[in-house]
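Peer 1: Below are the structure tokens for one structure; questions will follow.
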Amino acid sequence: MSRKINGIGASNGVSIAKIFKIENVEIEIDSKKIEDSEKEINILNSAIEKSVEQIEKIKMVASKTLSEEELEVFDAHIQMAKDPEMLLEVENLIKNENYNAAYAVDKVSQQLTQMFASFDDPYMRERAADIKDVSSRIIKAILNIETTDLTTIDEEVIIVADDLTPSDTAQLNKNFVKGFLTNIGGRTSHSAIMARSLEIPAILGLTNITELVSNGDIVAMNGETGMAIINPDDQEIEKFQEEYNQFLNHKKELEKFLNKVSASKDGKKVKIASNIGSVADAEGASKFNADAIGLFRSEFLYMDAENWPSEQEQFESYKAVLEKMGNKQVVVRTLDIGGDKTLKYFKFPEEMNPFLGYRAIRLSLDKKETFVTQLRALIRASAYGNLAIMFPMIATIDEFKQARAIYDQVYNQLKEEGHQVSESIEVGMMVEIPAAAVLTEQFCKYADFVSIGTNDLMQYTMAADRMSEKVSYLYQPLNPSILKLIKMTIDGAHRAGKWAGMCGEMAGDINAIPLLLGMGLDEFSMSSTSILEAKKLISEINFKDAHQLVHQALKCENQEQVQEVLNSFWENK
Ligand code: PEP
Ligand code: MG
């Protein structure tokens, strides 16, 4: 009998193959009192040496498939294995408490793992897995326990494990390993990130998959939907085979667009850009050959920190992204905090409607020293690439002028201090409040560009909290009122001779793209994985036809009617 299970789809792709289960060898670590601590420390040191050699070997195997940046995890593991502070603590336990080496390593690693696992930040929490990975390697080396060598797999399998460590994942040969399923893990765990770069389908967080299957069982999996079927019947296999073929054809089709210019069928060029929230996300932007970064949500640097991030810390992050993108433009949005985004180290005032309250540029203009620190970091980083800066939640021209005046002061100050800075930083604004949308032309006397934030523009236009499930039906990207505001914004910017982008979710919405193209949107910024799909779609549409479509859509009364207009557009194309 077949059995369906659902987990977190962490890496796209469809596979059917037999199971290769990695058994979790429970290592018994006894605490033994030792007499010769000198000897025990020698055992420890040679185990560390052996572990470092193993990690270096894995890194070498992995270097054939992973990028420089992805390989950094192994350098981090080597550093962890050799970490002098950790070593000192282990040695102290051996010398002062007479513990055996394996027990001492386990004790120190458990303390560290617990500390990392207690962080709020999911990225930091997942570093606990790295510490476990390294220490269990060292303990196995001390106890002379062989580790499973995944590089020897030479037939098509889907791996099932409790969890896959980064070093496990890096050893997988994608010619044979057709997917993996694990009990634990999520979309941001290292194994998920690596699975995506290796393009191996993966479903994580399946809770008890290791108990449900035995070696030799067949499993069919879809890494996009997160659904797996254990021992599928003939009909289910046939269905998966179809999904698999569709997936392959679609992927091949999309890859053709990687190096193509982003343009409509009749040659209107546009930019298709990436939204990112961290330095690591820039990897995806470059993998999918984004034309630019249209939105770097800088608030994640603040939300991941334990205190206000310093000028230098911010500078390093902005510089890293700018260098990664070369001469492609990187639009960094200044701190957009408040509403649903809070900080561990700052108490926001109690408000009835935080989304309408003290947030984003309102906070930056009030807490000027924080704003200046961020602008200093940004402007200093401008020497390393093609930087643009934009301010979030601008409601009035006066706010924009105030923000820009502070920017100008900081810019001049840095030049006086002798810093190298770019001469061509564009300074723009988000349009996410209707007041800014209707007045874009006047705003653009002062702003170099605008980027439409439809996520907020919709909540403010419809007066519907974007976090509330109950009113989510009012999230209506195709509602003619929203379309009119977007068109007004784009037209206003163009009349002032400026460019208009969009970085809200709507920019990557396949359904809405023909309308946005027809309105003359210059830059579509979206999650990196949507880029090729958007590029393909735009290449199939004539700008002239899309322009006509906008006229029809704007005459409609509601979004259902707009959808009908869109449907007949696709039918007649
Ligand atoms: C938006 O509001 O559309 C936007 C891009 O910003 P955020 O989703 O970060 O509020
Ligand atoms: Mg917003």
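The values are calculated or read from the model by the stated rules, or taken from the named source; none is laboratory data. Computed from a prediction, not measured in an experiment: that's the story for all the values here. Neighbour counts run over all protein chains shown; Cβ positions are idealised from the backbone, glycine included.
Peer 1: Answer yes if at least one residue in segment 354-362 is within 24 Å of Lys271 (Cβ to Cβ) and within 14 Å of ligand 2 (Cβ to nearest atom), and no otherwise.
Peer 2: To start, the set of residues in segment 354-362 that are within 24 Å of Lys271 (Cβ to Cβ) comprises none.
Within segment 354-362, not a single residue is within 24 Å of Lys271 (Cβ to Cβ) and within 14 Å of ligand 2 (Cβ to nearest atom).
Peer 1: Return the only residue of Leu532, Leu566 being surrounded by 15 or more Cβ atoms within 10 Å (Cβ to Cβ) and over 15 Å from Leu517 (Cβ atoms). It would help to see each step written out before you state the result.
Peer 2: Details: Leu566 fails: over 15 Å from Leu517 (Cβ atoms).
So the residue among Leu532, Leu566 that is surrounded by 15 or more Cβ atoms within 10 Å (Cβ to Cβ) and over 15 Å from Leu517 (Cβ atoms) is Leu532.
Peer 1: Among the residues of segment 160-174, are any outside any helix (DSSP H, G or I) and free of Cβ contacts under 8 Å to residues at least 24 places away in the same chain? Give the derivation first.
Peer 2: Of segment 160-174, the ones outside any helix (DSSP H, G or I) are 160-165, 172-174.
After this cut, where a residue has to be free of Cβ contacts under 8 Å to residues at least 24 places away in the same chain as well, the list is 173.
Yes, segment 160-174 contains at least one residue that is outside any helix (DSSP H, G or I) and free of Cβ contacts under 8 Å to residues at least 24 places away in the same chain.
Peer 1: Residue check: is Glu441 more than 16 Å from ligand 1 (Cβ to nearest atom), touching a residue at least 40 places away in the same chain (Cβ under 8 Å) and of a type in the set (D, E, K, R)?
Peer 2: On the way: more than 16 Å from ligand 1 (Cβ to nearest atom): yes; touching a residue at least 40 places away in the same chain (Cβ under 8 Å): yes; of a type in the set (D, E, K, R): yes.
Against the criterion (more than 16 Å from ligand 1 (Cβ to nearest atom), touching a residue at least 40 places away in the same chain (Cβ under 8 Å) and of a type in the set (D, E, K, R)), Glu441 qualifies.
Peer 1: Looking only at segment 303-351, count every residue that is closer than 19 Å to Thr370 by Cβ and in contact with a Cys (Cβ under 9 Å, 6 or more places away or on another chain) and tell me the total.
Peer 2: So the count comes out to 1.
Peer 1: Of Glu417, Glu399, which residue is crowded, with 18+ Cβ neighbours inside 10 Å, over 29 Å from the mean Cα position of the chain (by Cα) and of a type in the set (D, E, K, R)? Lay out the reasoning, then the answer.
Peer 2: Details: Glu417 fails: crowded, with 18+ Cβ neighbours inside 10 Å.
Matching residue, one of Glu417, Glu399: Glu399.
Peer 1: While we're on this one: Confirm whether Met352 is within 22 Å of Ala273 (Cα to Cα) and in the same structural domain as Glu323 (by TED's automatic domain parsing).
Peer 2: Values: within 22 Å of Ala273 (Cα to Cα): no; in the same structural domain as Glu323 (by TED's automatic domain parsing): yes.
It is false that Met352 is within 22 Å of Ala273 (Cα to Cα) and in the same structural domain as Glu323 (by TED's automatic domain parsing).
Peer 1: Within segment 365-397, can you find the residues that are of a type outside the set (Val, Ile, Thr) and within 14 Å of ligand 2 (Cβ to nearest atom)?
Peer 2: Quick first cut of segment 365-397, residues of a type outside the set (Val, Ile, Thr) only: 365-369, 371, 374-378, 380-388, 390-393, 395.
Met390, Phe391, Pro392, Met393, Ala395 - these are the residues of segment 365-397 that are of a type outside the set (Val, Ile, Thr) and within 14 Å of ligand 2 (Cβ to nearest atom).
Peer 1: Which of the residues spanning segment 198-244 are surrounded by fewer than 19 Cβ atoms within 10 Å (Cβ to Cβ) and under 18 Å from the mean Cα position of the chain (by Cα)?
Peer 2: Selection gives Glu199, Glu224.
Peer 1: Examine segment 462-476 for a residue that is buried (at least 20 other Cβ atoms within 10 Å of the Cβ) and within 28 Å of the chain's Cα centre (by Cα), and state whether such a residue exists.
Peer 2: No, every residue in segment 462-476 fails to be buried (at least 20 other Cβ atoms within 10 Å of the Cβ) and within 28 Å of the chain's Cα centre (by Cα).
Peer 1: Follow-up. Which numbered condition trips up Asp281, out of (1) more than 23 Å from Ile379 (Cα to Cα); (2) of a type outside the set (Ser, Thr, Tyr); (3) under 21 Å from the mean Cα position of the chain (by Cα)?
Peer 2: (1)
Peer 1: Exactly one of (1) more than 16 Å from ligand 2 (Cβ to nearest atom); (2) under 30 Å from Asn558 (Cα atoms); (3) touching a strand residue (DSSP E or B) at 6+ places or on another chain (Cβ under 8 Å) is unmet by Ala447. Its number?
Peer 2: (2)
Peer 1: Does Ser468 satisfy the condition of being more than 16 Å from ligand 1 (Cβ to nearest atom) and not acidic (Asp, Glu)?
Peer 2: Values: more than 16 Å from ligand 1 (Cβ to nearest atom): no; not acidic (Asp, Glu): yes.
Answer is no for this residue.
Peer 1: Please determine, by comparing only the residues of segment 311-338 that are within 25 Å of Glu399 (Cα to Cα) and assigned to a loop (DSSP other than H, G, I, E, B), which one is nearest to ligand 1 (Cβ to nearest atom).
Peer 2: Filtering first and then ranking leaves Asp336.
Peer 1: Yes or no: segment 448-455 includes at least one residue that is away from ligand 1 (no atom under 16 Å from the Cβ), farther than 23 Å from Tyr475 by Cα, over 24 Å from the mean Cα position of the chain (by Cα) and surrounded by fewer than 23 Cβ atoms within 10 Å (Cβ to Cβ).
Peer 2: Yes: segment 448-455 contains one or more residues that are away from ligand 1 (no atom under 16 Å from the Cβ), farther than 23 Å from Tyr475 by Cα, over 24 Å from the mean Cα position of the chain (by Cα) and surrounded by fewer than 23 Cβ atoms within 10 Å (Cβ to Cβ).
Peer 1: Take Asp130 and decide whether it is in the same structural domain as Ile55 (by TED's automatic domain parsing), within 24 Å of the chain's Cα centre (by Cα) and not aromatic (Phe, Trp, Tyr).
Peer 2: Yes, satisfied.
Peer 1: Determine whether segment 480-503 contains at least one residue that is farther than 24 Å from Gln442 by Cα and not in a strand (DSSP E or B).
Peer 2: Let us first name the residues in segment 480-503 that are farther than 24 Å from Gln442 by Cα, namely none.
There is no residue in segment 480-503 that is farther than 24 Å from Gln442 by Cα and not in a strand (DSSP E or B).
Peer 1: I'd like to know if segment 322-341 contains one or more residues that are of a type in the set (Gly, Ala, Ser), at pLDDT 95 or above and in contact with a helix residue (DSSP H, G or I) (Cβ under 8 Å, 6 or more places away or on another chain).
Peer 2: Scanning segment 322-341, I find no residue that is of a type in the set (Gly, Ala, Ser), at pLDDT 95 or above and in contact with a helix residue (DSSP H, G or I) (Cβ under 8 Å, 6 or more places away or on another chain), so the answer is no.
Peer 1: Something else about it: Any idea which residue in segment 343-391 is farthest from ligand 1 (Cβ to nearest atom), counting only those that are of a type in the set (Ser, Thr, Tyr) and surrounded by fewer than 16 Cβ atoms within 10 Å (Cβ to Cβ)?
Peer 2: To start, the set of residues in segment 343-391 that are of a type in the set (Ser, Thr, Tyr) comprises 345, 358, 364, 370, 373, 382, 384.
If we keep only those that are surrounded by fewer than 16 Cβ atoms within 10 Å (Cβ to Cβ) too, we end up with 345, 358.
Details: Tyr345: 20, Tyr358: 15 Å.
Among those that are of a type in the set (Ser, Thr, Tyr) and surrounded by fewer than 16 Cβ atoms within 10 Å (Cβ to Cβ), it is Tyr345.
Matching residues to (1) in the same structural domain as Lys368 (by TED's automatic domain parsing); (2) modelled with pLDDT of 95 or more:
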{"position": "Phe247", "(1), (2)": "no, no"}
{"position": "Lys252", "(1), (2)": "no, no"}
{"position": "Asn259", "(1), (2)": "no, yes"}
{"position": "Ile276", "(1), (2)": "yes, no"}
{"position": "Phe288", "(1), (2)": "yes, no"}
{"position": "Arg297", "(1), (2)": "yes, no"}
{"position": "Gln314", "(1), (2)": "yes, yes"}
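Peer 1: Pairs please, first residue from segment 453-480 and near ligand 2 (Cβ under 10 Å from one of its atoms), second anywhere and of a type in the set (Lys, Arg), Cβ atoms under 7 Å, 6+ apart in sequence or on different chains.
Peer 2: Close Cβ pairs (under 7 Å, with a partner that is of a type in the set (Lys, Arg)) amount to Asn455/Arg466; Gln459/Arg466.
Peer 1: Can you tell me which residues in segment 275-308 are within 13 Å of ligand 1 (Cβ to nearest atom) and either without any contact (Cβ under 8 Å) to a residue 40 or more places away in the chain or in a loop (DSSP other than H, G, I, E, B) (or both)?
Peer 2: Gly277, Phe296, Arg297, Ser298, Phe300
Peer 1: Here is a further query. Please work out which residue is surrounded by the most Cβ atoms within 10 Å (Cβ to Cβ), limiting yourself to segment 486-507 and to residues that are farther than 16 Å from Met429 by Cα and within 15 Å of ligand 2 (Cβ to nearest atom). Show your work before the answer.
Peer 2: Quick first cut of segment 486-507, residues farther than 16 Å from Met429 by Cα only: 487, 495, 505-507.
In the following step, the residues that additionally are within 15 Å of ligand 2 (Cβ to nearest atom) were identified as 505-507.
Values: Glu505: 18, Met506: 25, Ala507: 28.
Of everything passing the filter in segment 486-507, Ala507 is surrounded by the most Cβ atoms within 10 Å (Cβ to Cβ).
Peer 1: Quick one: is Gln548 crowded, with 17+ Cβ neighbours inside 10 Å and farther than 26 Å from Val427 by Cβ? Explain how you work it out, then say what you get.
Peer 2: Working: crowded, with 17+ Cβ neighbours inside 10 Å: no; farther than 26 Å from Val427 by Cβ: yes.
Spelling it out, it is not the case that Gln548 is crowded, with 17+ Cβ neighbours inside 10 Å and farther than 26 Å from Val427 by Cβ.
Peer 1: Any idea which of Lys256, Lys252 is surrounded by 12 or more Cβ atoms within 10 Å (Cβ to Cβ), more than 16 Å from ligand 2 (Cβ to nearest atom) and basic (Lys, Arg)? Spell out how you get there, then give the answer.
Peer 2: Values: Lys252 fails: surrounded by 12 or more Cβ atoms within 10 Å (Cβ to Cβ).
Unique residue meeting the criteria: Lys256.
Peer 1: Residues that are of a type outside the set (Phe, Trp, Tyr), more than 16 Å from ligand 1 (Cβ to nearest atom), in contact with a helix residue (DSSP H, G or I) (Cβ under 9 Å, 6 or more places away or on another chain) and over 18 Å from Glu533 (Cβ atoms): does segment 247-256 have at least one?
Peer 2: No, segment 247-256 contains no residue that is of a type outside the set (Phe, Trp, Tyr), more than 16 Å from ligand 1 (Cβ to nearest atom), in contact with a helix residue (DSSP H, G or I) (Cβ under 9 Å, 6 or more places away or on another chain) and over 18 Å from Glu533 (Cβ atoms).
Peer 1: For segment 429-443, give me each residue that is away from ligand 2 (no atom under 14 Å from the Cβ) and either buried (at least 24 other Cβ atoms within 10 Å of the Cβ) or not assigned by TED's automatic domain parsing to the domain that holds Phe400 (or both).
Peer 2: So the first thing to find is which residues in segment 429-443 are away from ligand 2 (no atom under 14 Å from the Cβ), and the list is 435, 438-443.
If the condition is that a residue be away from ligand 2 (no atom under 14 Å from the Cβ) and either buried (at least 24 other Cβ atoms within 10 Å of the Cβ) or not assigned by TED's automatic domain parsing to the domain that holds Phe400 (or both), then Thr440, Phe443 are the ones that fit.
Peer 1: Please verify whether segment 510-517 includes one or more residues that are within 15 Å of ligand 1 (Cβ to nearest atom), surrounded by 21 or more Cβ atoms within 10 Å (Cβ to Cβ), under 28 Å from the mean Cα position of the chain (by Cα) and not assigned by TED's automatic domain parsing to the domain that holds Asn12. Walk me through how you get there before you give the answer.
Peer 2: Step one: filter segment 510-517 for residues within 15 Å of ligand 1 (Cβ to nearest atom), giving 512, 516.
Right, trim to surrounded by 21 or more Cβ atoms within 10 Å (Cβ to Cβ) and you get 512, 516.
Subsequent filtering for residues that are under 28 Å from the mean Cα position of the chain (by Cα) retains 512, 516.
Then drop every residue that is not not assigned by TED's automatic domain parsing to the domain that holds Asn12, which leaves 512, 516.
For segment 510-517, residues within 15 Å of ligand 1 (Cβ to nearest atom), surrounded by 21 or more Cβ atoms within 10 Å (Cβ to Cβ), under 28 Å from the mean Cα position of the chain (by Cα) and not assigned by TED's automatic domain parsing to the domain that holds Asn12: present.
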